[in-house]
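Enquirer: Take a look at the following structure, please.
The values are calculated or read from the model by the stated rules, or taken from the named source; none is laboratory data. Please read these numbers as outputs of a predicted model, since none were measured by experiment. Heads up, the Cβs are rebuilt from the backbone with ideal geometry, glycines too, and the neighbour counts pull from every protein chain shown. Protein only, heavy atoms only, side chains kept; ligands, DNA and RNA dropped before computing areas. Shrake-Rupley method; radii C 1.70, N 1.55, O 1.52, S 1.80 Å.
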Amino acid sequence: MLGGASGLVVYWRPMGGARHAFSPDRPPREGEWRGALCGAAGELTEPSDVDWLDPTCPECGNQARTLLDLRRNSRP
């Protein structure tokens, strides 16, 4: 998750050797086919503790930061 107490900006999930960001419209679930913010898509598996050590997908990281900035800038 990214966004803290102000609400969910993205879900993070390991997939294909990297941690990817997913839309916060619904939680990513094992066995589901999902597309990440970077455009990568695949069937999600239950991540192991080691999977969370995968590097963050650079494009997902950029997109997540952009979404967070948009949220911060839209507040009064």
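Enquirer: Return a yes/no flag: does the range 20-33 have any residue that is without any contact (Cβ under 8 Å) to a residue 24 or more places away in the chain, part of a strand (DSSP E or B) and surrounded by 13 or more Cβ atoms within 10 Å (Cβ to Cβ).
Expert: So far as the range 20-33 goes, yes, one or more of its residues are without any contact (Cβ under 8 Å) to a residue 24 or more places away in the chain, part of a strand (DSSP E or B) and surrounded by 13 or more Cβ atoms within 10 Å (Cβ to Cβ).
Enquirer: Report, by residue number, each residue of the range 56-66 that is assigned to a loop (DSSP other than H, G, I, E, B) and free of Cβ contacts under 8 Å to residues at least 12 places away in the same chain.
Expert: Residues satisfying the conditions do not exist here.
Enquirer: Quick check: anything in the range 35-55 under 12 Å from Trp12 (Cβ atoms), open to solvent by 40 Å² or more (accessible area, probe 1.4 Å), free of Cβ contacts under 8 Å to residues at least 60 places away in the same chain and among the polar types (S, T, N, Q)?
Expert: Looking for residues that are under 12 Å from Trp12 (Cβ atoms), open to solvent by 40 Å² or more (accessible area, probe 1.4 Å), free of Cβ contacts under 8 Å to residues at least 60 places away in the same chain and among the polar types (S, T, N, Q), one finds none in the range 35-55, hence no.
Enquirer: Kindly indicate whether any position in the range 5-12 is surrounded by 16 or more Cβ atoms within 10 Å (Cβ to Cβ) and touching a residue at least 60 places away in the same chain (Cβ under 8 Å).
Expert: Yes, the range 5-12 contains at least one residue that is surrounded by 16 or more Cβ atoms within 10 Å (Cβ to Cβ) and touching a residue at least 60 places away in the same chain (Cβ under 8 Å).
Enquirer: Scan (1) free of Cβ contacts under 8 Å to residues at least 12 places away in the same chain; (2) open to solvent by 80 Å² or more (accessible area, probe 1.4 Å); (3) in a helix (DSSP H, G or I) for the single condition Asp69 breaks and write down its number.
Expert: Result: Asp69 passes all but (2).
Enquirer: Please determine whether any residue of the range 49-56 is under 16 Å from Leu67 (Cβ atoms), out of contact with any Ser or Thr (no Cβ under 8 Å at 6 or more places or on another chain) and among the β-branched types (Val, Ile, Thr).
Expert: yes
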